[in-house]
Amino acid sequence: MSYTTALAQIKAVLQGVTGIGTVHDYARWNVDDASFSTLFVSSSIINFWTITRRETAERWDAVQHVVRRHTYLLRGYYGIDDSAATEKTFQSLVESVMTAFRTKTTLNNVAELVQPPQLEKLDAERFSGLLVHHARVKLLVEERVQAAPN
């Protein structure tokens, strides 16, 4: 497994979640006004997720083998509309994301092990000047690799 292989599988799992909106396989930040709707809006509401790797820790497992533990950060954004109770909608969406990864313990056989997802944060924040629901889900993905001989 490589970073890009795991990233592709994480993106595929996210895209399989009903109502997920747009999924970007890297952190998206500031874009021009013309691109905003295309990149971040789905069915007339801000609704998108990004995936990025936060860190990778390595340890020796056996002679010639290293276990690499990648920490991926999944961030979800959803437009706030109090009159439509969008917090409930977003809470349900986050639960769907968590459930989707709980059933993918090897990311479709590309990882040694995927730990259960961890919801690190669920709050409101500003994105491009607009108030949105925001979630951070941490995903730990382990791989075992052959170390290069001396």
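The values are calculated or read from the model by the stated rules, or taken from the named source; none is laboratory data. What you are looking at is a predicted structure, and each value in this text was computed from that prediction instead of being measured. Using ideal geometry, Cβ is built from the backbone for each residue, glycine included, and neighbour counts are taken over all protein chains shown.
General observations
- Subset of the stretch 111-150 that is surrounded by 17 or more Cβ atoms within 10 Å (Cβ to Cβ) and without any contact (Cβ under 8 Å) to a residue 60 or more places away in the chain - its residue that is nearest to ASP61 (Cα to Cα): VAL114
- Residue tally, condition among the small types (Gly, Ala, Ser) and within 18 Å of MET1 (Cβ to Cβ), over the stretch 54-86: 2
- The numbered conditions (1) in contact (Cβ under 8 Å) with a residue 24 or more places away in the chain; (2) more than 30 Å from ALA148 (Cα to Cα); (3) not in a strand (DSSP E or B) are all true for ASN108 except (2).
- Selection of first residues in the stretch 15-37 that are of a type outside the set (D, E, K, R) and surrounded by 10 or more Cβ atoms within 10 Å (Cβ to Cβ) and of second residues that are at pLDDT 95 or above and not in a strand (DSSP E or B), restricted to Cβ pairs under 6 Å at least 6 apart or on distinct chains, gives the following pairs, ordered by first then second residue: VAL17/SER96; VAL17/VAL97; VAL17/ALA100; GLY19/LEU93; ILE20/LEU14; VAL23/LYS11; VAL23/LEU14; VAL23/GLN15.
- Hey, THR50 of a type in the set (S, T, N, Q) and either outside any strand (DSSP E or B) or in contact (Cβ under 8 Å) with a residue 40 or more places away in the chain (or both) or not: no
- Filtering VAL94, VAL17, VAL13 for residues that are under 11 Å from the mean Cα position of the chain (by Cα), among the β-branched types (Val, Ile, Thr) and over 30 Å from GLN146 (Cα atoms) leaves a single hit, VAL94.
- Looking across the stretch 48-72, the residues that are closer than 16 Å to ARG136 by Cα and of a type in the set (S, T, N, Q) come down to THR50, THR52, THR71.
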